[in-house]
Amino acid sequence: MANNKSNGSKKKSGSSKSAVSRAASYGSSAGRAQTKREGRGLRGYFRGVRQEFMKVVWPTREELGTSTVVVIVVCAVFAVAFWLIDTGFLALLRSVLGISMS
């Protein structure tokens with residue numbers, strides 16, 4: 001009986017399990033229960049896919065346009081940089097070794 005009282009008081013002030021381990025054990029058991037409810041197979045898979053798509057935060061039209069411009073500009077800068085480096089190495093090879101790469 002004395003142990004029950006001390007365990008009860010421990011739970012009120014803080015249990016021996018950490019908050020992370022309690023959350024992990026809660027999440028795993030809740031996940032298993034949810035999997036059983038959803039069922040297995042193709043229907044359960046597509047139900048899960050639909051739930052995940054509902055969580056996605058899609059970009060606005062402005063964000064999409066800005067990101068597209070940034071990607072195109074960065075690709076162009078890298079293409080020009082690699083072209084300049086390649087042209088420089090070719091010029092160096094021609095001058096040092098007296099060879100041509102055609």
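No value in this document is a laboratory result; all are computed from the given coordinates. As the structure is a prediction and not an experimental result, all values here were calculated from the model.
Before moving on, here are some points about what is shown:
- Rounded to the nearest whole Hz, the Karplus-based 3J(HN,Hα) values (6.51 cos²θ - 1.76 cosθ + 1.60, θ = phi - 60°) of segment 86-98 follow the sequence 5, 5, x, 5, 5, 5, 5, 4, 5, 6, 7, 9, x, with x at glycine and proline.
- Rounded to whole numbers, the Karplus 3J(HN,Hα) couplings from phi for segment 65-72 are x, 5, 5, 5, 4, 4, 5, 5 Hz, using 6.51 cos²θ - 1.76 cosθ + 1.60 with θ = phi - 60°, and x at Gly and Pro.
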